[in-house]
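Below is one structure; the comments refer to it alone.
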Amino acid sequence: MKKKTIHLFFFICLIILLTGCSAKESVQSEPLSAESQIDALQETEKEEMADEQDEQLEEAVWNAIEETDAVLEKAHESEDSQEFEQVVVETQQTEFSPANQSELEQVREKLGLSEKKIPGLKAAQERNYYYSCLDAEEQILYVELYQILANMEKGVMLTTKDANRIPHVYQAVLNDHPELFYTKGFEYTKATMEGEIIYITCSGSYTYTKEEASVRMQQIEEAAQKILGKLPSDADAYTVVKSLYEYIILNTDYGEKTKDHQNISSVLLDNVSVCNGYAKTLQFLLNKKGIPCILVNGSAKGNHAWNIVSIDGEYYCVDATWGDPSYNTDSDKTIPAAQIDYSYLCVPKEQLGMDHTESEEFPLPDCQSMKANYFVREGLYITGYDEAYLKTVFDTALQRGQKSIVLKASDRQVYETLKQKLFKEQAVFQYLGANAEGQITSLAYSQNENMYTISIWY
């Protein structure tokens, strides 16, 4: 489970909740009344924090092939993360049989892993981000592991004799291929003679049989086509990313009440998932639209996963899990909350880095641009206190019948100015038409100190 922080505020007839995945630390909320002085109000805040370890990003169980000869060793653990709590099982074979090797070479041939066909398999992976991060030897291992996992094979001979490369390349394959939802780990065996490794064979570990996985994959494809079919035919990349971000959040409850809560199956078929499922589903759907999307492993008050997307040649961070208020909603309480938090849609790495830390296992693109940021694109990005512009923003929201407005300040100074003018000086009521018939006389606001965003409910 992840750490949660919940801020609740009860006043008049409005209850406000604004939190995100693994606790958005600097979220504050205050009620306001036009009939009383702001500074006479006292903020009531009840904070509940529970420190629990994040769900594993990948569930990998490596089983013994020959238990009598098994050698157990820990692998791929990081200093601050248990996301790969894997047990490597090596089976050493004292007698090497040329006949066995001949049979294994025939298996490779059937999988397309011949010397003649490997270049074509490599070419098919060239657009995948993590594949491009590997060296030449690892890229060959990558296509071998991919063919094993895609075909749900077992006992396939690898070209490498260095078993230490397998976990790193295995993770690259999973990061590039969210469609391998049925894969939970792998096994390998070393064939040795007089202490020398002659070859290594590798097998995938799967949660379904081939028949079961095939049926479920067909259901996943049908669900994906239904979702993508609702997108406008002329939608640009930003609109596609935003629409899929919204779809995943609105149609997924954060939780583990499904067998496949770490993958695309949990989101597209079960509508329940955790961060890895959210991120892999966004990647899976964007891949189908030809929009580059990278799965990012890291931490955010616990192990976490999110995405980096490419829009018009610029990279942006996207975290659909933290955009889903259901992540931190207390299931024992009925609390109305914003349906979607757009603070984590297309943001620069510097801002996301306030509470997210990337894994250092692979290099990742830098994300500097604000061009496709949600608030910039939607006209809600505030670079200075401009009364005329703010009036237009509020008037537009009221005309649309919106019951909330979310603003993002360009920097700390603008953020503090907005809070001072809107709330301390109560200018927000003027923008909401406090002097008009049917005036709004009470509201609440929540603020995210890290993202410089302010949400107002009325």
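The values are calculated or read from the model by the stated rules, or taken from the named source; none is laboratory data. This is a predicted model, so every value here is computed, not measured. Backbone-built Cβ (ideal geometry, glycine too); neighbour counts: all protein chains shown. Note: areas computed on protein heavy atoms with side chains; ligands, DNA, RNA excluded. Shrake-Rupley method; radii C 1.70, N 1.55, O 1.52, S 1.80 Å.
Side notes on the structure shown:
- Any hit, the stretch 257-265, residues being out of contact with any helix residue (DSSP H, G or I) (no Cβ under 8 Å at 6 or more places or on another chain) and either modelled with pLDDT of 95 or more or within 30 Å of Ser97 (Cβ to Cβ) (or both): no
- When residues of the stretch 92-105 are limited to those that are part of a helix (DSSP H, G or I) and not hydrophobic (A, V, I, L, M, F, W, C), the one modelled with the lowest pLDDT: Pro98
- Cβ-Cβ under 6 Å pairs, at least 6 apart or on other chains, the stretch 207-233 side of a type in the set (Val, Ile, Thr), far side outside any helix (DSSP H, G or I): Thr207/Tyr182; Thr207/Lys184
- Selection status of Tyr199, touching a residue at least 40 places away in the same chain (Cβ under 8 Å), assigned to a strand (DSSP E or B), open to solvent by less than 30 Å² (accessible area, probe 1.4 Å) and in contact with an Asp or Glu (Cβ under 9 Å, 6 or more places away or on another chain): no
- Selection count, the stretch 242-294, where residues are more than 19 Å from Ser326 (Cα to Cα), basic (Lys, Arg) and crowded, with 24+ Cβ neighbours inside 10 Å: 0
- Within the stretch 106-187, helices (runs of 4 or more DSSP H) holding 3 or more residues that are over 22 Å from Glu358 (Cα atoms): 118-124, 136-150
- For Pro363, the test of being open to solvent by 70 Å² or more (accessible area, probe 1.4 Å) and at pLDDT below 95 is failed.
- Selection count where residues are touching a residue at least 60 places away in the same chain (Cβ under 8 Å) and over 11 Å from the mean Cα position of the chain (by Cα), scope the stretch 265-298: 7
- Residues that are modelled with pLDDT of 90 or more, more than 30 Å from Asn164 (Cβ to Cβ) and crowded, with 18+ Cβ neighbours inside 10 Å do not occur anywhere in the stretch 181-189.
- The stretch 168-183 residues that are among the small types (Gly, Ala, Ser), paired with ones that are assigned to a loop (DSSP other than H, G, I, E, B) (beta carbon under 7 Å, 6 or more apart): Ala172/Cys133; Ala172/Leu134
- Residue count, the stretch 98-154 (criterion: without any contact (Cβ under 8 Å) to a residue 24 or more places away in the chain and buried (at least 17 other Cβ atoms within 10 Å of the Cβ)): 2
- The single condition among (1) more than 24 Å from Gly353 (Cα to Cα); (2) open to solvent by 20 Å² or more (accessible area, probe 1.4 Å); (3) in contact with a Pro (Cβ under 6 Å, 6 or more places away or on another chain); (4) of a type outside the set (S, T, N, Q) that Glu222 does not satisfy is (3).
- Residues that are among the hydrophobic types (A, V, I, L, M, F, W, C) and surrounded by fewer than 16 Cβ atoms within 10 Å (Cβ to Cβ) within the stretch 386-397 comprise just one, Ala388.
- Identity of the residue in the stretch 366-385, closer than 17 Å to Cys293 by Cβ and open to solvent by 20 Å² or more (accessible area, probe 1.4 Å), that ends up modelled with the highest pLDDT: Tyr374
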